[in-house]
Ligand SMILES: Cc1cc2nc3c(=O)[nH]c(=O)nc-3n(C[C@H](O)[C@H](O)[C@H](O)COP(=O)(O)OP(=O)(O)OC[C@H]3O[C@@H](n4cnc5c(N)ncnc54)[C@H](O)[C@@H]3O)c2cc1C
């Protein structure tokens, strides 16, 4: 049977990016688990992405993945096309008076460092978020009292039809770890605003952010970051701890001993182990505190 990528390649003769079939994703996701992408597309540039979307037949789903630091891809993989923006989308361009452009594929940490070198404050929080800007825009990533939404002026991207869209901060519909931007928009970059600041002062902030993280989070483990959103006025990690889940294990998945809102792949875990562990934590927390934890990690794809 002809693969989806072969069918799409024939329907898109002018495509310049890389389109490949049945690509494993696990090695590029933080949890190191999950099935294959039915087709994987890395656009050559914005025009290529627009062309691809404008020719993509209705009914074929697509999913964008960033650096996979907030994703659990199920073991049966991702149907349709998985789109990953690479180097052509990773430009960072500091501007005047604290303005900064960042492409969706630019790593958050690089944005923090380049802003520092340009004497721009307000982006130090990105030094501790191990994703890329596209994921930060989608998740309203935040740390140390600052969220992406505090910095965003305008977001640029393409919709399912391949038309360019520009969304203001208000149109991104930001709330805690969430954006309600129109479904299907692929962000390609954002104009953000910080403030002119002394380089050494920014460096001290970044050092503090990194040191705090290394002491309090399993930053070198196979994890998806905070598993559940903090319920209003409460800490998810505390509720999980009080429910007796510290160190709880299912298969190769374990609740971190260091930070109970982190789930770990401690070796040989499947995505099903990790999801089952998360659901068990939710069940126990509901039983002990009455609180229903909401997943922060995006669980996508189909079960094996
Ligand atoms: C050790 C660790 C620590 C973490 N600490 C923090 C923290 O302090 N604060 C915090 O907020 N998060 C934290 N996270 C979670 C994660 O890093 C953030 O949510 C990050 O913003 C996700 O970016 P990503 O590139 O990895 O996105 P992915 O995980 O690849 O994707 C996340 C979501 O964004 C969507 N997305 C990605 N790129 C695009 C795009 N170009 N256009 C449209 N949608 C897109 C995806 O479809 C998916 O729904 C942590 C994770 C880890 C592993």
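Every read-out reported here was derived from the displayed coordinates using simple, explicitly stated rules and does not represent laboratory data. Quick caveat, the model's predicted, so the values are computed rather than measured. Cβ: placed from backbone, ideal geometry, glycine included. Neighbour counts: every protein chain shown.
Some notes on this structure:
- Highest-fluctuation residue, 218, 43, 232 considered, GNM on the chain with Cα pairs under 10 Å: 232
- Overall dimensions of the chain as given by Cα atoms, namely Rg and Dmax in Å: 19.7, 60
- Region 1-92: relative contact order in percent, alpha carbon pairs under 8 Å with at least 6 residues between: 32
- Here is the size of region 89-215 from its Cα atoms: Rg then Dmax, 13.9, 45 Å.
- For the residues 258, 49, 29, a GNM of the chain with alpha-carbon springs under 10 Å puts the largest fluctuation on 258.
- Extension gain for residue 195 to residue 266 (0.36 nm times residue separation, less C-alpha to C-alpha distance): 21.4 nm.
- Across region 1-43, the mean sequence separation of Cα contacts (distance under 8 Å, 6 or more residues apart), normalised by length, yields a relative contact order of 40 percent.
- Isotropically averaged projected area of region 142-195, using the convex hull of Cα atoms (one quarter of hull area), nm²: 3.9
- If you take the Cα centroid of region 139-155 and the Cα centroid of region 196-250, the two points sit 17 Å apart.
- Highest mobility in the GNM of the chain, judged by mean-square fluctuation with C-alpha springs under 10 Å and restricted to 226, 20, 175, is found for 175.
- Region 173-285, Rg to Rh (Cα coordinates; Rh as Kirkwood inverse mean 1/r): 1.06
- Rg over Rh for region 4-87 works out to 0.96, both radii taken from alpha-carbon positions and Rh defined as the Kirkwood radius.
- Ranking of 259, 212 by count of other Cβ atoms within 10 Å, fewest first: 212, 259
- Relative contact order computed over region 218-300 (Cα-Cα under 8 Å; 6+ residues apart), in percent: 36
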